[in-house]
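Remarks on the structure that follows.
The values are calculated or read from the model by the stated rules, or taken from the named source; none is laboratory data. Every value quoted in this text rests on a predicted model; they were computed, and no experiment measured them. All Cβ positions, glycine included, derive from the backbone under ideal geometry; neighbour counts span all protein chains shown. When the accessible area is computed, the model is the full protein with side chains, heavy atoms only, and any ligands, DNA or RNA have been set aside. Shrake-Rupley method; radii C 1.70, N 1.55, O 1.52, S 1.80 Å.
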Amino acid sequence: NAGVTQTPKFQVLKTGQSMTLQCAQDMNHNSMYWYRQDPGMGLRLIYYSASEGTTDKGEVPNGYNVSRLNKREFSLRLESAAPSQTSVYFCASSEALLQGTDTQYFGPGTRLTVL
Amino acid sequence: AQTVTQSQPEMSVQEAETVTLSCTYDTSESNYYLFWYKQPPSRQMILVIRQEAYKQQNATENRFSVNFQKAAKSFSLKISDSQLGDTAMYFCAFMKHFGNEKLTFGTGTRLTIIP
């Protein structure tokens, strides 16, 4: 099992460009998440998906959109990148929301720089 | 809203010694989960240990153990017989038991194991 995979690992964008970060998990998990990590701060939740077909905003959703393509894949889109979105982005997954809290497993992260 | 505080930005310890990382949290919930995640230079977020608030017994995982003090809202991590591979950022995180999968992270402690 690869666990949670993310592509790309690194990306540099110019202000105003758009891009999509891809995430996939092979653990048959129901819930998936997108976090961002900024220097001196812990991870903050951008969006999450409790199950296929549903998405909800987290703590810092502005400037982002997400798509839960199927049970395995959860993408994060920046429509018009801004320097404030320079960060490391982590995708995570967990087994089940409705059955109670469960451990989240993280991907390797994507380092995004917006010039 | 929940908050998680890690008051030690950096720590260092000699190899083979024991080190304790501190974490306090604030919540009005009675049921919740607490986690310690490790982030080595590879940037991967790795689950170290997890504690359910309804369990009085402190969780242990090999050389890693916690001191969970529910009344004091304290959740410290003890690493025994520290190894060079323990060098990493360590994040304390909080999650409600039901209904909300959001992980709230502290700002992290950078731990360096000195040979």
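Data for the structure
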{"item": "Within straight-line cross-link reach of B:Lys78, lysines at Cα separation under 27 Å, skipping those fewer than 8 residues along the same chain", "result": "B:Lys38, B:Lys55, B:Lys70, B:Lys96, B:Lys102"}
{"item": "For chain A, size of Cβ-based charge dipole, Lys and Arg +1, Asp and Glu -1, in debye", "result": "340 debye"}
{"item": "Mean projected area (nm²) of the alpha-carbon convex hull when the protein assembly as shown is viewed from all directions", "result": "12.5 nm²"}
{"item": "Radius ratio Rg over Rh of region A:4-82, counting only Cα atoms, Kirkwood formula for Rh", "result": "0.96"}
{"item": "Zone residues, region B:1-41, relative to B:Tyr54, backbone N less than 11 Å from point 7 Å out along Cα-to-Cβ", "result": "B:31-32"}
{"item": "Accessible surface, region A:8-51, averaged per residue in Å² (probe 1.4 Å)", "result": "42 Å²"}
{"item": "Shielding of B:40-51 by partner chains, average beta-carbon count, 10 Å", "result": "3"}
{"item": "B:Ser42 paired with A:Asn62, simple spin-label distance in nm, labels 7 Å along Cα-to-beta-carbon", "result": "3.7 nm"}
{"item": "Cα-projected label distance for A:Ala2 with A:Asp26, points at 7 Å along beta-carbon direction, nm", "result": "0.7 nm"}
{"item": "Projected area averaged over orientations for chain B, convex hull of C-alpha atoms, nm²", "result": "6.8 nm²"}
